[in-house]
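Down below is the structure, laid out as structure tokens.
The values are calculated or read from the model by the stated rules, or taken from the named source; none is laboratory data. Nothing here was measured: the structure is a model prediction, and the numbers come from that model. A quick note on method: Cβ atoms are made from the backbone with ideal geometry, for glycine too, and the neighbour counts reach across all protein chains shown. Just so you know, the surface numbers come from the protein's heavy atoms only, side chains and all, with ligands and any DNA or RNA stripped out. Shrake-Rupley method; radii C 1.70, N 1.55, O 1.52, S 1.80 Å.
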Amino acid sequence: MNKRLHPEIIRHFHNTPFSTPIIGITGGKGGVGKSTVAVNLAAAFVAQGKRVALVDADVDAPNDSLLLGIPLENPQPVTIMQPIFDSAQCTDCQKCVKACQMNSLFRPKEKSITLMGECNGCEACYLVCPAGAISQGSHSVGTLYKTKRGKLTLYTGALQPGLAESALIVNAVGDAAFADAELFDIILVDTAPGTHCNVIGALKGARHVLAVTEPTPLGSHDLELILSLLDMFSIQRSVVINRANLPGQKEKVEQAAQAASAAIAAEIKLDKDLLAGYLEGTPVVDLLPNSAAAEIFLKMTDYLTATYLSPHNQTQQEQQL
Amino acid sequence: MKEIVILSGKGGVGKSSLTAALAHLLTENGKYRLTLADTDVDAPNLHIVLGAEFDRSTGVTASNKAIIDYDKCSRCMNCVSACAFDSIIGTEEPVIISYSCEGCGVCSLVCPEEAVSVHPVENGQINFVTSGTVRVVAGALGIGESSSGRLVDIVKRQARQEASLSGCDLLLTDGPPGIGCPVIAALKGADYAILVSEPTPSALSDLQRITEVVQGFKIPAGAVLNRSDMDPQSAQTTRDWLTGNELPLLGEIPYDPYLPQALARGNLGVKMYPDAPSSLAIKKLHKVVEGLLE
Ligand code: SF4
Ligand code: SF4
Ligand code: SF4
Ligand code: SF4
């Protein structure tokens, strides 16, 4: 199943129409501290005077705003096409019913095409209708938010509970941030858990991805999966070990990282300062800037700045691709 | 046979560990027979928590993808602009980004050369695991693949079949994270939903979102507060919210350093340290779950 990707797909993945570097934060599974890393890195970049876009692409459970303690603003609906049927025009040919791969269209009685199931807005029905009986309505599948606090702008999307369109929301949130890309020094993207297409969608254009994990059997297992996904797309990556002081199996995580030639970018200990920031809804970098935990994030930003934010390295990177 | 599904709105609150511990306690002394379904197809790891290895797997085709026949293609690029999901790219010739293709078939509708067709493709696996007397049916989505909802559907169907063939009393489902399509697939047909949370503001927000989904399907539900002693104030906020929304609190499990130690050894806390505070709390919860089975 792990087939080779077409080089064009990899090129397309890395191609962005702007030069602002994108750094992704991901992890094979939820609960390993991805969002904690993301908000603290954002806070650390801001502390160093950078203009930061933080994209929360975990649209099923977006929590970055809570961790930052900033309420979401500027809600905007994310809509998709939804067909509207005009029975006066309909000739009852039922081509639309056949064309819908989602099996969402039914014809209960003569000239009464009804949308019953889920519709992904693909427009197949609209395209095949020979009678012009279908018009393009729109339907909201979620909400997009853009919240500004000083040098930090948070882009968040929230899926309407129960819908399947998370991919559309992920793209919408990314696009919103990308449209403003020139306003920022760096774009940080916090992805959903897992190794599915939404994670890839969220990481589009990422120069570097931090894979957050923890030293447990689950952590090393999920890390292996996410690292092989990043490998498929030839994405630069490194590993962040969260709760590094858990009585677990750090060696296994280190082995997985080494096997994928990913460096260990940082080890974050489970400590009360970090937890306090978490519960209080303030990144530890802001709450206790002199704490050991804050120190780690500030160091990570130094490294990322040196590698990705200096003009010299940028051109080098582009030449490589 | 009853069906109970364990959900959390987001991963990392200890759902799989709790599922495994409950399964162990319920089947102890042969009291109940049960089948487990691991529907976290993006990161299935119930088998790791149980310390069991996969013993059999089959490929699953739960996804349709467009495929181009380049011998027929005239490079007109009609398909590139027609795809509503931006899943066809290319400058010289069209290339389908299969991981984001929804299989909707619009590209084949607009192709003047009949060069594109939509085919079912293998996008995951179903793994079968045995741990003691418990059978686990686990779905695993291929890396970078889509359509986890349909895969979850298949896993549930398989698990249900497995459970009824072997005369089980209970099908216990470890749900996927989130609130989207896979969660709904996991929830379908359930008699009861156990919602796992922990005392933090983020976890409460996740709990609220998942509750909305569960109540939308009118499935009775109760909550479990894991690591309940982590923050007394947040714990109280969660309890109050539960009361206000008429969700029973089925149990509270304190944070317990023994748990990660057991996990690191590929064993269950309730088995290795039966008298640890978390084990005692899970045993209490297990009585409540038994009540649901009566
Ligand atoms: S394709 Fe158009 S004309 Fe034919 S049944 Fe559908 S809506 Fe009616
Ligand atoms: S837009 Fe696509 S999914 Fe929606 S009803 Fe039409 S054919 Fe079906
Ligand atoms: S089947 Fe639909 S989603 Fe897939 S490439 Fe064709 S138009 Fe795009
Ligand atoms: S529409 Fe058909 S012929 Fe035209 S580029 Fe696409 S596949 Fe080729």
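Translational diffusion of chain B was estimated from the Stokes-Einstein equation, with Rh taken as the Kirkwood radius over Cα pairs; at 4 °C and 1.567 mPa s the coefficient is 63 µm²/s.
Accessible surface buried at the B:A interface totals approximately 4800 Å², computed with a 1.4 Å probe on protein heavy atoms.
Out of every Cα-Cα pair that the range A:1-113 contains, those further apart than 18 angstrom amount to 72 percent.
Taking every alpha-carbon pair within the range B:67-181, the share separated by more than 17 Å comes to 63 percent.
For the set B:Val270, B:Val110, the ranking by accessible area, highest first and with no ligand, DNA or RNA atoms included, is B:Val110, B:Val270 under a 1.4 Å probe. Just to be sure I understand the curve: with the Debye formula and one point per C-alpha of the range B:149-294, what is log10 I(q)/I(0) at q = 0.15, 0.16 Å⁻¹? Here the Debye-derived log intensity ratios amount to -0.90, -1.02. Sparse packing (at most 15 other Cβ atoms within 10 Å of the Cβ) combined with a DSSP loop state is found for the following trypsin sites (Lys or Arg not before Pro) in the range A:221-311: A:Lys269.
In the protein assembly as shown, the alpha-carbon atoms span a convex hull of 157 Å³ per residue. Extent along the principal axes, Cα only, for the range A:131-179: 53, 25, 14 Å, with the longest axis given first. For the range A:26-78, the C-alpha radius of gyration divided by 2.2 N^0.38 Å, with N the number of residues, is 1.21. Measuring r between the beta carbons of B:Lys271 and B:Thr130 and using R0 = 25 Å, the FRET efficiency lands at 0.95. Under the membrane-span-like helix rule (DSSP H runs whose alpha carbons stretch at least 18 Å along the helix axis, mean Kyte-Doolittle hydropathy -0.5 or higher), chain A yields A:34-47, A:166-179, A:217-232, A:292-304. Annotation: aspartates and glutamates with alpha-carbon distance below 15 angstrom to B:Lys65 (same-chain offsets under eight excluded): B:Asp86, B:Glu102, B:Glu122, B:Glu145.
Partner aspartates and glutamates whose Cα lies under 19 Å from the Cα of A:Lys151, excluding those fewer than 8 positions away in the same chain, are identified as A:Asp56, A:Asp64, A:Glu73, A:Asp180, A:Glu182, A:Asp185, A:Asp190, A:Asp286, A:Asp302.
Given q = 0.11, 0.12 Å⁻¹, what are the Debye log10 I(q)/I(0) values for chain A, with equal point scatterers placed on the Cα positions and solvent ignored? The Debye formula, applied to the Cα set alone, gives -0.73, -0.83.
Summary: within chain B, the longest segment free of trypsin sites (Lys or Arg not before Pro) located in DSSP loops with at most 16 other C-beta atoms within 10 Å is B:76-187. What angle do you read, to the nearest 10 degrees and between 0 and 90, between the alpha-carbon axis of helix B:15-27 and the longest principal axis of chain B? The angle comes out at about 60 degrees. Note on B:Asn29 and B:Gln215: the extension gain reaches 63.5 nm, defined as 0.36 nm multiplied by sequence separation minus the Cα-Cα distance. Using a cut-off of 28 Å between Cα atoms, the listed pairs A:Lys204/A:Lys250; A:Lys50/B:Lys15; A:Lys98/B:Lys188 include A:Lys204/A:Lys250; A:Lys50/B:Lys15 as exceeding that distance. The mean number of partner chain beta-carbon atoms within 10 angstrom of a residue's beta-carbon across peptide B:132-144 is 3. Compared with the dominant principal axis of the Cα atoms in chain B, helix B:148-165 is inclined by about 50°. At a probe radius of 1.4 angstrom, the accessible area of the range A:165-253 per residue rounds to 26 square angstrom.
Residues with beta-carbon under 10 Å from that of B:Glu3, excluding B:Glu3: net charge, scoring Lys, Arg +1 and Asp, Glu -1? Net local charge, B:Glu3 excluded: +3. Over chain A, DSSP H runs of length four or greater, each weighted -39,500 (n - 2.57), average out per residue to a 222 nm ellipticity of -10500 deg cm²/dmol. Each of B:Arg75 and B:Thr243 was given a label point 7 Å from its Cα along the Cα-to-Cβ line. The distance between the two points is 7.2 nm. Once both labels are positioned 7 Å from their Cα atoms along Cα-to-Cβ, the gap between A:Lys148 and B:Asp169 label points is 6.2 nm.
The alpha carbons of the range A:150-233 occupy a box of 40, 34, 25 Å along the principal axes, longest dimension given first. Per-residue ellipticity at 222 nm, computed for chain B from helices alone with -39500 (n - 2.57) per DSSP H run of at least four residues, works out to -11000 deg cm²/dmol. Per-residue accessible area (protein heavy atoms, 1.4 Å probe) orders A:Phe45, B:Phe54 as B:Phe54, A:Phe45, starting from the largest.
Stokes-Einstein diffusion coefficient for the range A:144-296 at 37 °C in a medium of 0.692 mPa s, Rh from the Kirkwood formula over Cα pairs: what value in µm²/s? Stokes-Einstein gives a translational diffusion coefficient of 191 µm²/s.
Comparing the range B:122-212 with the 2.2 N^0.38 Å rule of thumb, its C-alpha radius of gyration ratio is 1.19 (two decimals). Take A:201-209, A:92-100 and order them by the average number of nearby Cβ atoms within 10 Å per residue, most first; the result is A:201-209, A:92-100. Here the convex hull built on the C-alpha positions of the range B:186-254 has a volume of 75 cubic angstrom per residue. Candidate cross-link partners of B:Lys31 among the lysines, defined by an alpha-carbon separation under 21 Å and a same-chain spacing of 8 or more, comprise B:Lys2, B:Lys271, B:Lys283, B:Lys284, B:Lys287.
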